[in-house]
Amino acid sequence: MSDPILSVRDLKIDFDTPDGTVNAVKGTTFDVSPGECLGIVGESGSGKSQSALAAMGLIADNGTVTGSIKFNGMEMVGAKPSVLRKVRGAQMSMIFQDPLTSLTPHLTVGAQMREVLALHRDLKGEAATKRCIDWLEQVRIPEARRRLEQFPHELSGGMRQRVMVAIAMLCDPKLLLADEPTTALDVTVQAQVLDLMFELKKETGTGIILITHDMGVVARMCDRVVVMKDGEIVETGTSDTIFYKPSHDYTKMLLNAVPRIDQPNREGRPQLGPAPDNSVEPIVKARDVKVTFPVNVGGGLFGKTKMLRAVDGVSFDLRPGETLGVVGESGCGKSTLARAVLKLVPQSAGSVAWMGRDITHADRKEMNSLRDDLQIVFQDPLASLDPRMTIGQSIAEPLTVHKPELDKAAREKLVKEFLPRVGLSPALINRYPHELSGGQNQRVGIARAMILRPKLLICDEAVSALDVSVQAQVVDLLIELQKEFGLAMIFISHDLSVVREISHRVMVLYLGKVVEVAGRTAIYEDARHPYTKALISAVPTPDPEFERGKERIKLRGDLPSPLDRRSPLRFLKSVIIDDPDAEQYDPKLIEVAPGHIVAEHDAYEGVEALRATETEVA
């Protein structure tokens, strides 16, 4: 192994806070060599990100850094700001977790890229523009020259993240720090960004520090792994050693908590109950549900209005005790469909029946009488809980609205009895949301939704923002609650591993349309639609050997615009009318096996695309 490009010795980071000194990092030591990818893994609060920020000299003002961080032999701890500015962006770059907050919203992509080149390379004018275009093309952004003149909000999440990669690589840095670079991305976009980083490492010899809690991503990308817990390194080794022969209990716990798409039923975890029989009357019947929104595409007073088809003719049944997983990329209509079922957004067409009663045209008063049976858990628990209310008050609020006959003491008694069922101590009843962890707040959200014992629970990305161990706990909790109450669930997620673990059936959406519906086993072992196959092949598995030999089906480019009527026919191009405003053919759903329904698609994309590794689906 060559000399390390980054050498960290006995790194300690302390923060002065109103509650006293917080020891965020407690003496970590590690090296990174050129062309090597080092994974730093651990849960929130383990000190992963602070270690990387210290290397960049970006620790907050109330932080104190001691120890040694040598980059190319240069000591970074205590270095002057002028020295750090010359290194940052030029020789050492960082990709942050959220590109939208890292990019300047009022500057075009081109302006932000040219600024880096002017500062570090004294490169301006057409030469700078050419280098910007070259890097945007390297990160697989189509129409690169046009994208230079766009603002960050005009790009998709995946394209913004790729812009961040391009900016980080503009000056050919020797070290790239990537802090959770794919956490908020769809699975196919995540695969694209990881492939890009792997190619950059291989072609340029750039050293990479990948900070993540996703062990599947680590298995795909990393040569060596550092496991951190509570600011300390508890284990380090090669990827194969960490995954196949972990020695520390915390490492074993992390690996055991990771949902695996190839192992939905794991020992020691609650098992999903049996799927209800088809003879059972559905609790929800949705037929040809459509939701459209008017969008001004021209701008100004005289702009043209187009209808965005967020949900475009979706039908499904849901039975008591059954979980329907809904998957697809951002913008496919998952959350809008859930809100339409709950009558939180107006339907444009179609019908929804609840327990045999048509609620398509139900007014607010009628729906309010049904709300105790229809509940939803949102993605961000802190955003859905009132910060001024204690968790006891938040959980009791549905009782106040739907069971007015209960007095305060009775409500408090019910809340205290219910808290242990979601894994929370009754002693927390007077705490506020900011005093609880993310996982605890999500449990509060579930308790609030379940306190009325509803018949339908919708989980909208309810575990996507949680650490892997907390995510496993919440999934286990939902499975147990379903068994206890005979609950029907709609589980929305872009994480197909979690969906397989918790769902009896899975429905795949693409730009508002259903492309495949099947049982949890059939859809993963016998997927028929090319889009489903691409989603499944993009899921990282926490198994380095499997990842190295896995065949991949790639979807080229980003999701097309949902305003373009041709877009839903991406997999059935043979019938497209080449006009973005023309009424297009509606792909039919065909039952290929009992309970397995697939949308029509062209034979080439559906069959031949699987015959070779790294095949690109047009």
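The values are calculated or read from the model by the stated rules, or taken from the named source; none is laboratory data. Since this is a predicted model, take the numbers as computed values, not measurements. In this analysis, Cβ positions are derived from the backbone assuming ideal geometry, glycine residues included, and neighbour counts consider all displayed protein chains.
Data table
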{"read-out": "Of all residues making up the range 487-518, the number that are of a type outside the set (A, V, I, L, M) and within 13 Å of residue 275 (Cβ to Cβ)", "value": "3"}
{"read-out": "Residue 406 being modelled with pLDDT of 90 or more, in a helix (DSSP H, G or I) and over 22 Å from residue 289 (Cα atoms)", "value": "no"}
{"read-out": "So residue 538, is it among the small types (Gly, Ala, Ser), buried (at least 21 other Cβ atoms within 10 Å of the Cβ) and modelled with pLDDT of 90 or more", "value": "no"}
{"read-out": "Selection status of residue 492, surrounded by fewer than 21 Cβ atoms within 10 Å (Cβ to Cβ) and modelled with pLDDT of 90 or more", "value": "no"}
{"read-out": "Residue within the range 126-134 that is farther than 18 Å from residue 186 by Cα and either acidic (Asp, Glu) or at pLDDT below 90 (or both) present", "value": "yes"}
{"read-out": "Failed item in (1) part of a loop (DSSP other than H, G, I, E, B); (2) at pLDDT 90 or above, with residue 379 passing the rest", "value": "(2)"}
{"read-out": "Residues of the range 558-584 classified as surrounded by fewer than 16 Cβ atoms within 10 Å (Cβ to Cβ), touching a residue at least 12 places away in the same chain (Cβ under 8 Å) and closer than 27 Å to residue 518 by Cβ, total", "value": "3"}
{"read-out": "Unique match (being in contact with a His (Cβ under 8 Å, 6 or more places away or on another chain) and over 19 Å from residue 211 (Cβ atoms)) among 152, 105", "value": "105"}
{"read-out": "From 168, 178, residue being over 22 Å from residue 226 (Cα atoms) and within 25 Å of the chain's Cα centre (by Cα)", "value": "168"}
{"read-out": "Flag if residue 552 is within 27 Å of residue 462 (Cα to Cα) and in the same structural domain as residue 307 (by TED's automatic domain parsing)", "value": "no"}
{"read-out": "Whichever residue in the range 345-383 is polar (S, T, N, Q) and under 18 Å from residue 285 (Cα atoms) and, among such residues, is surrounded by the most Cβ atoms within 10 Å (Cβ to Cβ)", "value": "375"}
{"read-out": "Every residue from the range 244-284 that is β-branched (Val, Ile, Thr) and farther than 24 Å from residue 505 by Cβ", "value": "251"}
{"read-out": "Pairs with Cβ under 6 Å, 6+ apart, first in the range 39-57 and over 25 Å from residue 78 (Cβ atoms), second assigned to a helix (DSSP H, G or I) and aliphatic (A, V, I, L, M)", "value": "39/218; 41/218"}
{"read-out": "Filter result for residue 420 (exposed (fewer than 12 other Cβ atoms within 10 Å of the Cβ), within 30 Å of the chain's Cα centre (by Cα) and outside any helix (DSSP H, G or I))", "value": "no"}
{"read-out": "Filter pass, residue 591 being exposed (fewer than 13 other Cβ atoms within 10 Å of the Cβ), in a strand (DSSP E or B) and either modelled with pLDDT of 90 or more or not assigned by TED's automatic domain parsing to the domain that holds residue 314 (or both)", "value": "yes"}
